[in-house]
Amino acid sequence: EAKRQGKGRICVYTSDMTDTVRTRLNLEQGLHHALERQELELYYQPVFSMANERLSGFEALIRWNHPVSGVLLPDQFIRIAEESGQIQSIGSWVLDTALQQLSQWTEATGTALVMAVNVSPKQFLQDDFLASVELALRRWQVPAHQLEIEITESVLQDFQRSRGIVSGLRELGVSVAIDDFGTGYSSLALLKHLPVSRIKIDRSFILALPGNARDHGLVSVMLKMAGSLELEVTAEGVETWQQAAVLQQLGCSAAQGFYYGQPAPTATALHDAICRHDRG
Ligand code: C2E
Ligand code: MG
Ligand code: MG
Ligand code: MG
């Protein structure tokens with residue numbers, strides 16, 4: 001009802017206004033200040049190369065340290081940010097912060113780690129997205145091949161445009177990965193139309209490995225397909241060494257998940273990942 005009355009109108013809510021609506025409104029308003037009040041934070045989850053069990057990079061995952069509700073996960077506020085038009089500013093902050101962090105870690109380790117950044121369709125399809133990526137790379141002096149942009153099949157809603165943007169990114173030297181691969185209806189359409197460099201096999205396929213023959217078959221087929229298309233592959237949500245072993249056997253080149261490391265704040269992420277490597 002409030003929405004239909006348009007922006008800027010004041011309306012009095014009756015007591016039948018649901019908690020859901022109230023929560024949503026609170027979050028939407030709170031989100032307006034989240035950036036300036038520095039309540040947003042990036043956590044980093046390590047990605048490991050399976051061939052040599054070495055740290056190859058990180059995925060940046062956003063968190064909102066909400067003053068009242070505590071740490072909120074992206075599933076609790078990214079959709080709201082998209083719908084309220086705040087995803088653009090949040091998205092640029094994510095890109096900028098992740099690349100700044102990457103430049104520090106690259107210097108600290110002397111290794112060309114890769115930073116994977118999730119981008120929502122609205123941000124991705126924006127006119128100046130390519131330019132903003134270029135700018136952020138230049139600003140932090142990060143070589144393009146150390147950045148990987150993660151998209152989902154929802155970019156297909158404007159597929160001509162998506163193709164142009166993916167090509168543009170690849171021309172810059174930036175990698176592009178399809179996140180949650182296999183969960184949507186048009187995973188293959190993405191591969192047919194977009195010149196991406198990587199697929200990330202969704203964790204729902206990894207969960208029941210190694211016992212589930214069907215999932216084993218599906219993962220095996222995805223890896224073969226990726227091989228013949230010369231795409232790189234990351235398996236998501238690897239939680240056990242048994243899963244890691246099967247993936248390695250099937251020739252998967254990279255993996256991430258709780259087995260390799262939880263998403264962690266800046267202060268500990270690199271240290272945790274290096275300790276994991278030294279142990280393994
Ligand atoms: P995603 O990109 O597929 O990220 C993987 C999610 O799985 C993360 O949840 C991560 O914490 C979780 N995860 C990683 N390893 C494991 C595991 O072994 N087991 C289990 N059960 N879970 C694991 P998170 O951080 O809550 O993020 C959820 C989604 O929110 C992400 O899915 C991504 O689509 C989106 N997201 C995260 N950060 C950003 C961002 O900066 N911008 C945008 N637009 N979206 C973001
Ligand atoms: Mg992702
Ligand atoms: Mg995913
Ligand atoms: Mg996801």
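The values are calculated or read from the model by the stated rules, or taken from the named source; none is laboratory data. Quick caveat, the model's predicted, so the values are computed rather than measured. Backbone-built Cβ (ideal geometry, glycine too); neighbour counts: all protein chains shown. Accessible surface is based on the protein model in full, side chains and every heavy atom, while ligands, DNA and RNA are left aside. Shrake-Rupley method; radii C 1.70, N 1.55, O 1.52, S 1.80 Å.
Below are the figures for this structure:
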| quantity | calculated |
| --- | --- |
| Longest to shortest principal axis, alpha-carbon extents of the stretch 117-259, angstrom | 46, 31, 25 |
| Interchain or long-range residues, amide H under 5 Å from VAL119's placed H | GLU150 |
| The stretch 156-204: equivalent-ellipsoid semi-axes (sqrt of 5 x gyration tensor eigenvalues, Cα, Å) | 19, 13, 7 |
| Anchor LYS200: aspartates and glutamates whose Cα lies under 17 Å away (excluding residues fewer than 8 positions away in-chain) | GLU59, GLU148, GLU150, GLU153, ASP179, ASP180, ASP215, GLU230, GLU232, GLU236, GLU239 |
| Order of exposure, largest accessible area first, which applies to GLU82, GLU232 with probe 1.4 Å | GLU232, GLU82 |
| Solvent-accessible surface ranking, highest first, for LEU188, LEU223 at 1.4 angstrom | LEU188, LEU223 |
| Accessible surface, 1.4 Å probe, highest first, among residues ILE274, ILE78 | ILE274, ILE78 |
| For peptides 240-250, 87-97, sequence by mean Cβ density within 10 Å, most packed first | 87-97, 240-250 |
| The chain: mean projected area of Cα convex hull, nm² | 16.8 |
| Antiparallel DSSP beta bridges within the chain, percent to nearest 5 | 45 |
| Along the chain, longest interval not containing exposed trypsin sites (Lys or Arg not before Pro), exposed being DSSP loop plus at most 11 other Cβ atoms within 10 Å | 38-280 |
| Calculated log₁₀ intensity ratio I(q)/I(0) where the Debye formula runs over C-alpha points of the stretch 46-132, q = 0.25 Å⁻¹ | -1.21 |
| Mean accessible surface per residue for the chain, computed with a 1.4 Å probe while every protein chain stays in place, in Å² | 53 |
| Square roots of five times the Cα gyration tensor eigenvalues for the stretch 197-280, Å | 24, 15, 11 |
| Helix-only mean residue ellipticity at 222 nm for the chain, each DSSP H run of n ≥ 4 adding -39500 (n - 2.57), per residue, nearest 500 | -13500 deg cm²/dmol |
| Inter-centroid distance (Cα atoms) of the stretch 29-45 relative to the stretch 223-274, Å | 28 |
| Label-to-label distance, nm, for residues given as GLU171 and SER49 (7 Å Cα→Cβ offset) | 3.0 |
| For HIS66, solvent-accessible area (1.4 Å; no DNA, RNA or ligand), Å² | 30 |
| Within the accessible area of the chain (1.4 Å probe), percent carbon and sulfur | 51 |
| Relative contact order of the stretch 187-257, defined on C-alpha pairs under 8 angstrom at six or more residues apart (%) | 35 |
| ³J(HN,Hα) computed for each position of the stretch 38-47 - Karplus, 6.51 cos²θ - 1.76 cosθ + 1.60, integer Hz, glycine/proline x | 6, 8, 8, 8, 9, 9, 10, 10, x, 10 |
| Accessible area of THR109 in the full protein assembly, 1.4 Å probe (Å², nearest 10) | 50 |
| Fraction of antiparallel bridges per DSSP, the stretch 137-280 only, in percent to nearest 5 | 0 |
